[in-house]
Each structure stands twice: as structure tokens, then as C-alpha cells.
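Visitor: One structure, as C-alpha cells, below. Some questions next.
The values are calculated or read from the model by the stated rules, or taken from the named source; none is laboratory data. Computed from a predicted model, the values in this text were never measured in an experiment. Virtual Cβ from ideal backbone geometry, glycine too; neighbours counted across all protein chains shown. Please note that ligands, DNA and RNA were not included when accessible areas were found on the heavy atoms of the full protein model with its side chains. Shrake-Rupley method; radii C 1.70, N 1.55, O 1.52, S 1.80 Å.
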Amino acid sequence: MTERALFLLLFLLALFPRGLLLGERPPFWFDEDWTFEVGTAPLGEAWQKLVEEDFHPPLSYLLLGLWARLLGLFGVENEVPLRLLPALLGSLVGPVLFLALRERGLPPPFAFLGGSLWAFLPQALLQDVEFRMYPLAALLVALSLLGAARGSFRLWALWVGLALYTHYLAGTVALSLGLRFGIRRALLPLLAFLPWLPAVAHQASKVHQLYHWNQDPYARLKEMLLLLYGAPDPLFLPLGALFWGLALLGLLLERQALLPFVLAVGLLFALGFQPISPRYLPVLLPVLVYGAGVAAWRLRLPGAVLLLALNLSWWALLPWTALMRLATSWPGLLP
């Protein structure tokens, strides 16, 4: 099969489980309602809400708001079509990672297996079917990784600029992926971010308010250890350990890709967030999936078997992933 055919196949493979989760049709939860409210507000009001009441940049709100307005022209206000755009964006991440792995030199079968990890990865599935910024942020990280892998400074800088305006952590990860271009050139995309800096400064002055719903790094570390000890389903723990083991091994082999992961996790802990929770992990997942693909390639046949086993296991556990989705934001809907 051609690379174009494999790209399309990966997209459809990722879209299938996301379509199944969309069919569950749970109502919007708070963050989705907030995204809709800000995205569909007049520009002046949206700017005020973002600067005074939020801690994110504006691009995802503008894009999702435009999508909601477009659907509104046809009288469509249902949650499923509103969530369709994030699902489509999230489904593109795996195919883009396939191209990045091909640029790294992986043969098509290994690159396909690496990219296919995105299709059924539980944390990716949980975020890609919500009306929020994370699918777009993950896609922009994957595109910046592809631009850097191809040695295209212009493409990488474009995706970094968009990532910075989508999610601060995604922008940090995307920016650090370009250090191979040299530190001076790698900092150039920040020039495009200058118009938003006053808003960032004002948001940063209120960052202490995060602790109303986050905790200090020490408390988060204890929570992470408790989460690992008390996994709700014993099958997810070994599968997660295998994925993280492959990912970190690949990132150690790809030193340029390890720095973004370390920076991102360190930043999350410093702000009191939980790095391994489905809520904040999606912007790191493209780098982890890339690392897992590289590690499997280095291991040859055993690596391919491990990637295939991960995909088949996550596919078999899709009903449990659906229950995890409900338990996260709609516990009252659980059977």
C-alpha cells in the first residue's frame, strides 16, 4: 500500500472508536459548556472572559466557536455534531505521527503500527470526543514533530505559532521540538506570540488561583502513586506500564524528543497539575507515541509484537474506556 493509503487507513481506524464514543451522547459537562460560551460570545466579551476568567490562549475557542456558529446556521445544536470536529482533529494525529516516523526512517509496517497506537489509546480517546481544545493541541504538537523531523523550519515554526495560541503547554512542547534548528532560530516563533503577551502576563498574575482546584506538587505526587496502586481495572496498569516503558525508551534513544517531555511534566508538577491524568496528558501523548514507535523499531520483531498486542488489548478494553469516560465527568450516568 502507498503512504497515502496508509495515512487514510490510520485516519479511519482512529475515527471508528471515536465515532462509537460519540454515539453515547452524554450532555456537555462544565468545561465543554465553558468552551461553547466563550467560543460563541462576541469577540470583546470572549477576550474579557479569557483574560479574566481563564488560563488558556484563544485559538481553540475561536475555532470551536466558528464550528458551533456554522452548525447553528443550519439549526444544529446537538452535542454530537459539535463534538465531531474535535473527533476529526484527534483522528488526524495518528496519521501525522505515521509520517513523522517514516521521516525518522522507520519502514512502513513499523511506522503504521506506531501511528496506530493513537487509534485506541484510552487517554487520547477520552479527550478526542470532547468539545475542548485538546485534540487541536495534540494535532499541532504532532505536526510540529513532523515539521522538525523533515527539517522544515518554516513548517515547524508555523505549527509552533498555532500551538502557542492553542495551549501553553502544547506550545512549550512544540517549541522545544525545534532545538535541532539551533536555539536562536528555535526562539523565532515566539515573535508571533508577542501580541498575546499582555494577556499572558495578566493570566499569570492569577496563577495562584489554580490551587483552588489543583494541589502542590508533593500532593500531586502522592495522588499519582495512589492512582497507580489503585487502578480501577487491573488490565490497564500493565498495558499502561508497557506503553510508557516503550515510549520512554524511544525518547531516550531520540534525545531531541526527550527534552519536551521532561519540560512538560516538570511544568505540570510545578503548577500542581496531575501529568498522568487524561485531563492534561493529551498534549504529551504524540511525543510518547512517537517514542514508542521508535523503541519498537529498534527491538525489531518483538517490538512489532508488543505494539500489536497494545492495540488489540486497548481495542478489547474499549467498553471499559467508555465507562472511564462517564466516570470522569458524568458519574450519574453510570449503570
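Visitor: Taking the range 32-57, which residues are outside any helix (DSSP H, G or I) and not charged (D, E, K, R)? It would help to see each step written out before you state the result.
Guide: We begin by selecting, within the range 32-57, every residue outside any helix (DSSP H, G or I); these are 41-42, 54-57.
Answer for the range 32-57, where residues must be outside any helix (DSSP H, G or I) and not charged (D, E, K, R): 41, 42, 55, 56, 57.
Visitor: Of all residues in the range 1-31, count the ones that are in contact with a Leu (Cβ under 8 Å, 6 or more places away or on another chain), farther than 30 Å from residue 110 by Cα and assigned to a helix (DSSP H, G or I).
Guide: Qualifying residue count for the region: 0.
Visitor: Continuing with the same structure: Return the residues of the range 176-192 that are open to solvent by 20 Å² or more (accessible area, probe 1.4 Å) and either more than 23 Å from the chain's Cα centre (by Cα) or at pLDDT 90 or above (or both); say none if nothing qualifies.
Guide: Filtering the range 176-192 for residues open to solvent by 20 Å² or more (accessible area, probe 1.4 Å) gives 179-185, 187-188, 190-192.
Hits for the range 176-192 are 181, 182, 183, 184, 185, 188, 190, 191, 192.
Visitor: Give the number of residues within the range 53-99 that are among the acidic types (Asp, Glu), open to solvent by 60 Å² or more (accessible area, probe 1.4 Å) and touching a residue at least 12 places away in the same chain (Cβ under 8 Å).
Guide: So the answer is 0.
Visitor: Related question: Within the range 1-52, work out how many residues are more than 18 Å from residue 80 (Cα to Cα), surrounded by fewer than 19 Cβ atoms within 10 Å (Cβ to Cβ) and among the β-branched types (Val, Ile, Thr).
Guide: Qualifying residue count for the region: 2.
Visitor: While we're on this one: State whether one or more residues within the range 198-209 are among the basic types (Lys, Arg), out of contact with any strand residue (DSSP E or B) (no Cβ under 6 Å at 6 or more places or on another chain) and open to solvent by 50 Å² or more (accessible area, probe 1.4 Å).
Guide: no
Visitor: What are the residues in the range 70-93 that are at pLDDT below 95 and charged (D, E, K, R), if any?
Guide: Scanning the range 70-93 gives 77, 79.
Visitor: Please specify each residue of the range 116-129 satisfying the condition of being touching a helix residue (DSSP H, G or I) at 6+ places or on another chain (Cβ under 6 Å) and in a loop (DSSP other than H, G, I, E, B).
Guide: At the first step, the residues of the range 116-129 found to be touching a helix residue (DSSP H, G or I) at 6+ places or on another chain (Cβ under 6 Å) are 116-120, 122-129.
Across the range 116-129, the qualifying residue is only 129.
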